[in-house]
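Below is one structure, written out as structure tokens; the observations come after it.
The values are calculated or read from the model by the stated rules, or taken from the named source; none is laboratory data. On a predicted model such as this, the values are computed, not experimentally measured, just so you know. We place every Cβ from the backbone using ideal geometry, glycine too, and count neighbours over all the protein chains shown.
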């Protein structure tokens, strides 16, 4: 896997930043509907869930897929993870580690009714985006002289992303009747949504990598991604302290 090996290029002109930012937005926004910017539980979804009881497999699959596809923070991290992955087996390994992590804590967090601040968890998720962008920039090798284990980091941050999913599910105020099957259905939907997003991102990345601009603007794209992660952290911490 190519990670943390990127060299800092010379400073580019402002149009380079716009191009890199456009590629980043395309990779994420292309798979998002308009309401993605909210990344929360809509009143319609919440009302529907509160009205139904028992096992409802397909509705929860739909909700899981919708949440992942509209989860810009999850998609930014996924974008960073696969940024320098070229082989399908490497992509499959890292995406699987991420899926294992977020599936474990999502199911456990809801089933055992963990009471964790959504703002705090989402701030950590924002930090995961910052971490991955810095990793892609090779910052840890230059600053500290070592490369963190990217597989372990992907799994660990996957655990935090799962807690983030759990806090959103708890907003639905699910009925205890049929809870476990519905959670499993939601998780199936999350994985379907993740696969749909991954395919879209890989198509865009495949196109970008075949152009000369990838090597010229990959650095800037990761700086933009890091900035987006820092904005997410700031937004969530503001909500935490003002709540």
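With respect to the numbered conditions (1) surrounded by 15 or more Cβ atoms within 10 Å (Cβ to Cβ); (2) modelled with pLDDT under 75; (3) over 16 Å from residue 191 (Cβ atoms), which one is the sole condition not fulfilled by residue 25? Residue 25 satisfies all of (1) surrounded by 15 or more Cβ atoms within 10 Å (Cβ to Cβ); (2) modelled with pLDDT under 75; (3) over 16 Å from residue 191 (Cβ atoms) except (1). Among (1) in a loop (DSSP other than H, G, I, E, B); (2) closer than 29 Å to residue 56 by Cβ; (3) in contact with a helix residue (DSSP H, G or I) (Cβ under 7 Å, 6 or more places away or on another chain), which single condition is residue 115 missing? If we test residue 115 against (1) in a loop (DSSP other than H, G, I, E, B); (2) closer than 29 Å to residue 56 by Cβ; (3) in contact with a helix residue (DSSP H, G or I) (Cβ under 7 Å, 6 or more places away or on another chain), just (3) comes out false. Select from region 72-82 the residues that are buried (at least 22 other Cβ atoms within 10 Å of the Cβ) and more than 19 Å from residue 170 (Cα to Cα) and list them in ascending order. Once the filter is applied, which keeps residues that are buried (at least 22 other Cβ atoms within 10 Å of the Cβ) and more than 19 Å from residue 170 (Cα to Cα), region 72-82 yields 75, 76, 77, 78, 79, 80, 81. Filtering 166, 153 for residues that are closer than 18 Å to residue 90 by Cα and under 21 Å from the mean Cα position of the chain (by Cα) leaves a single hit, 153.
What are the residues in region 41-71 that are at pLDDT 85 or above, part of a helix (DSSP H, G or I) and surrounded by 20 or more Cβ atoms within 10 Å (Cβ to Cβ), if any? Within region 41-71, 60, 61, 63, 64, 65, 67, 68, 69 meet the criteria. For region 69-86, filtering for residues that are free of Cβ contacts under 8 Å to residues at least 40 places away in the same chain and under 12 Å from residue 202 (Cβ atoms) leaves 0.
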